[in-house]
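Structure first, then comments.
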Amino acid sequence: MINEHLPALIIGIPLLAAFATPLISKINDKLRNIFVIGVLGATLCLVVSLAFNVFDNGIFVYVMGAESPGLTLPSGYRMPIRIILEVDGMSILMAIITSIVSVLGAIYSWAFMHKETGKDKYYTLLLLLTAGMFGMEFTGDMFNFFVFLEITSIAACGLIGFRINRGESGEAAFKTMVLYTLGALFVLFAVGILYGQYDALNIATLASRIQYTMLDKIALGLLVAGLAMKAGAVPM
């Protein structure tokens, strides 16, 4: 039963844990650290389990809110209308990397951050960053890709400027936020153009309908430029 919901659990567990972390911090800091590492460790186990499923059975499709997690087309509809998560070999490989780095980052932070204040906020941002990356890797539609991209961006800006007692941290966070905002506008414009052209946001539907008109090429150019800004790629 749990195997049917693995993609949703991998995104949802760190997302819910992010909001539980400040509450656990009020009880005990050590308990909070154990909780964060335990959540990320459990998520890693789920990712590995999903990886075996994908490698054995191919692309894993999960439909949020459907009667059956694999029901992509409701009765009477010709294209998907619900939030769809699609996990293929590339996305699960990225998810494995994300989960391993997140677990190692949390373990390292236990010692590295012990003299810092506001560690509950730090771990909340770390969990949000992890959940956002999982969402980007698993989502099957452009709008939710944008939503998870912004969750990741906000968390990243918060982590960059976490040490507010250092001027360079605040400056770096502000510059990153400006760059991320421009990138977000580019991505949002691209999504809007594609939706206006094809009345669809599902990535598989767009892939089958796209005609590579001049407007499509502009949208793809904006999408690539926006993601390059977010990634800090040269020359962005």
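Between the listed residues Thr43, Ser25, Thr117, the Cα displaced farthest toward the positive end of the dipole of the chain, a dipole computed from Cβ unit charges relative to the Cα centre, is found at Thr117. With neighbour counts taken as other beta-carbon atoms within 10 Å, the residues Tyr198, Tyr123, Tyr180, Tyr108 rank, fewest first, as Tyr108, Tyr198, Tyr180, Tyr123.
Suppose every K and R has +1 on its Cβ and every D and E has -1 on its Cβ; what is the size of the dipole of the chain about the Cα centre, in Debye to the nearest 20?
640 debye
At full extension, Asn165 and Phe55 could sit 34.9 nm farther apart than now, given 0.36 nm per residue minus the alpha carbon distance. Considering the chain at the alpha-carbon level, its Rg and Dmax are found to be 19.1, 59 Å. For a straight C-alpha distance cut-off of 24 angstrom, the lysines reachable from Lys175 (same-chain residues fewer than eight places away being disregarded) are Lys119, Lys121, Lys230. Candidate cross-link partners of Lys115 among the lysines, defined by an alpha-carbon separation under 26 Å and a same-chain spacing of 8 or more, comprise Lys26, Lys30. Using +1 at the C-beta of Lys and Arg and -1 at the C-beta of Asp and Glu, which of Leu188, Cys157, Leu222 has the Cα lying farthest in the positive direction of the dipole of region 144-236? Positive-most Cα among the choices belongs to Cys157.
The C-alpha atoms of the chain define a longest principal axis, and helix 6-25 lies at about 30 degrees to it. The magnitude of the dipole of region 144-236, with charges of +1 and -1 set on the Cβ of Lys/Arg and Asp/Glu and taken from the Cα centre, is near 140 debye. How fast does region 1-140 diffuse by Stokes-Einstein, in µm²/s, taking the Kirkwood radius from C-alpha pairs at 4 °C and 1.567 mPa s? Translational D for this selection: 82 µm²/s.
A short reminder: the numbers here are calculations on the coordinates, not readings from a lab. No experiment lies behind these values; they were computed from the predicted model shown. Cβ: placed from backbone, ideal geometry, glycine included. Neighbour counts: every protein chain shown.
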